[in-house]
Amino acid sequence: MERAAPAIWQAYEALKRDTPQLRARDAAQQLQISEAELVAADPASIPLRSDDWPALLGQLASLGRVMALTRNEACVHEKTGVYDQLSFDGKVGLALNPDIDLRIFLFHWRHAFALTHHSARGPQRSVQFFDRHGDAIQKVFLTDDSDVAAFDALVAAWRHPEPRSVVPEPRPARVAEAADRDIDLAAFHAGWRALNDVHQFHGFLRDFGVSRQQGFRLAPPGQAWRVALNATEHMLRSAASRQLPIMAFVGNAGMIQIHTGPVQRIETVGAWLNVLDPGFNLHLREDLIDAAWVTHKPGDSGVVTSLELFDRDGQSVVTFFGARKPGQPEQPAWQALMDSLPKEVCHG
């Protein structure tokens, strides 16, 4: 049953009185609603039209330097830069910038809001996008270097003429994996070795009807192995100390956001493992990580090695690569670092 916006907001304000630092995503979970429903109930939110996503996203470049935040349940990825250089092929888009580097999937996009919240630090303005289930796809926050007049113009141009209610669509049931024994292992191994571009890997798994982790379990010998759940901290601290640039991919159904470059300041706070660098923040809930894998995949210039983390539902949380340009082999220092990660300890 749909709850009225005033009742939702009243319940949220009661929660905030008890927990002032409570974030919207966590509050929505406590209220047993989606985050999009909570944002729609916010008196400060302005619903935006959703009839032309590429055009709306294209206007974000006018804001100047912004902070783009993309997350899933266990990982938050924040990059500061200009939201420019967008291109779309149907419902798949790219933003190719030195800082704001995105892969955009419009299939599940449903809602957009502009918000202005006031605090002791001044107004915080943002444009926020949500999928059909009411989960956040991406939030774009203005910074001190952003163009406030351009934000006002964007809101005026895209403001929806009527109040928007959010009714999340139910999530489909998870599809069970095929049994490992039903997969043609010889053909799977041959197909893996025949890949010549890491971007082919998703389609390769789909053709065999296996999930990503199942594919790793069935990989040719020496091409995938599980590592300890704390391997990410070891990797980040080692990369920072060696000044070894990395790539960090974090996403959800509608967006993948990428950092390419060095990492410097690594800190843990409770369950969170954090990268706290100028222009790039990463926040990883290590207690929500269920599996960590290192994999070798054939690439356009030799092997491509990655560290991939998954949650308890088998969903990808974050994937790390060594920084490299297309057509160039990955650095031997990255391969050596991946080989040094602590292996998973098996019990029983």
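The values are calculated or read from the model by the stated rules, or taken from the named source; none is laboratory data. All values reported here derive from a predicted model rather than from experimental measurement. Neighbour counts are summed over all protein chains in view; Cβ atoms, including those assigned to glycine, are modelled from backbone coordinates with ideal geometry. The area values use the complete protein model at the heavy-atom level, side chains included, leaving out ligands, DNA and RNA. Shrake-Rupley method; radii C 1.70, N 1.55, O 1.52, S 1.80 Å.
Starting from the alpha-carbon convex hull of the stretch 1-97, give the projected area averaged over all orientations, in nm².
8.2 nm²
Could you work out the local net charge near PRO326, counting Lys and Arg as +1, Asp and Glu as -1, over the other residues with Cβ closer than 15 Å to its Cβ?
Local net charge: 0.
Using only the Cα atoms of the stretch 37-159, build the gyration tensor, take square roots of its eigenvalues as a ≥ b ≥ c, and label the shape rounded, prolate or oblate: rounded if a/c is under 1.5, else prolate if a/b is larger than b/c, else oblate.
Since a/c stays below 1.5, the shape of the stretch 37-159 is classed as rounded.
Relative contact order for the stretch 102-141 using alpha-carbon pairs under 8 Å, separation at least 6, rounded to a whole percent?
35 percent
Tell me, what is the percent relative contact order of the chain, built from C-alpha pairs under 8 Å that lie six or more residues apart?
Across the chain, relative contact order equals 16 percent.
Can you give me the Cα centroid spacing of the stretch 226-274 and the stretch 284-304 in angstrom?
When both Cα centres are located, 12 Å separates them.
Below 8 Å between Cα atoms, with a sequence gap of 6+, how large is the relative contact order for the stretch 189-291 in percent?
RCO, the stretch 189-291: 17 percent.
So if I take the alpha carbon set of the stretch 132-290, get Rg, then get Rh from the Kirkwood formula, what is the Rg over Rh ratio?
1.04
How much area per residue is accessible in the chain when the probe is 1.4 Å and only protein heavy atoms are counted (Å²)?
49 Å²
Could you list which residues have their amide H under 5 Å from that of ALA224, counting only those 5 or more apart in sequence or on another chain, with H placed in the peptide plane?
Excluding prolines and chain starts, which carry no amide H, the hits are HIS296.
Mind checking Rg over Rh on the stretch 243-348, alpha carbons, Kirkwood formula for Rh?
Across the stretch 243-348, the Cα-based Rg/Rh ratio is 0.96.
Rg over Rh of the stretch 18-63, using C-alpha atoms and the Kirkwood radius, what does it come to?
So for the stretch 18-63, dividing Rg by the Kirkwood Rh gives 1.11.
Of LYS16/LYS139; LYS297/LYS325; LYS16/LYS79; LYS139/LYS325, which ones are farther than 24 Å apart at the Cα?
Those over the limit are LYS16/LYS79; LYS139/LYS325.
Between GLU233 and GLN21, what's the calculated FRET efficiency when r is the beta-carbon distance and R0 is 30 Å? Round to 0.05.
With a Förster radius of 30 Å, E is 0.80.
Per the 1.4 Å probe, what fraction of the accessible area of the stretch 184-272, in percent, lies on carbon and sulfur atoms?
So the carbon and sulfur contribution to the accessible surface is 53 percent.
Using the Kirkwood radius over Cα pairs, work out the Stokes-Einstein diffusion coefficient for the stretch 89-133 at 25 °C and 0.890 mPa s, in µm²/s as a whole number.
Rounded, D is 191 µm²/s.
Net charge near GLY279: determine it from the other residues with C-beta under 10 Å of the C-beta of GLY279, scoring Lys and Arg +1 and Asp and Glu -1.
Neighbourhood net charge equals -1.
Kirkwood hydrodynamic radius, the stretch 97-176, all distinct C-alpha pairs: what's the number in Å?
15.0 Å
Determine the calculated [θ] at 222 nm for the chain from helices alone, applying -39500 (n - 2.57) to every DSSP H run no shorter than 4 residues and normalising by the residue count; nearest 500 deg cm²/dmol.
-7500 deg cm²/dmol
Pairing the Cα long axis of helix 185-194 with the longest principal axis of the chain, what angle in degrees results, from 0 to 90 and rounded to the nearest 10?
Its long axis makes an angle of about 80 degrees.
I need the Debye-formula profile for the stretch 87-222: one equal scatterer per C-alpha, no solvent, reported as log10 I(q)/I(0) at q = 0.09, 0.10 1/Å, two decimals.
Values returned for q = 0.09, 0.10 Å⁻¹ are -0.49, -0.58.
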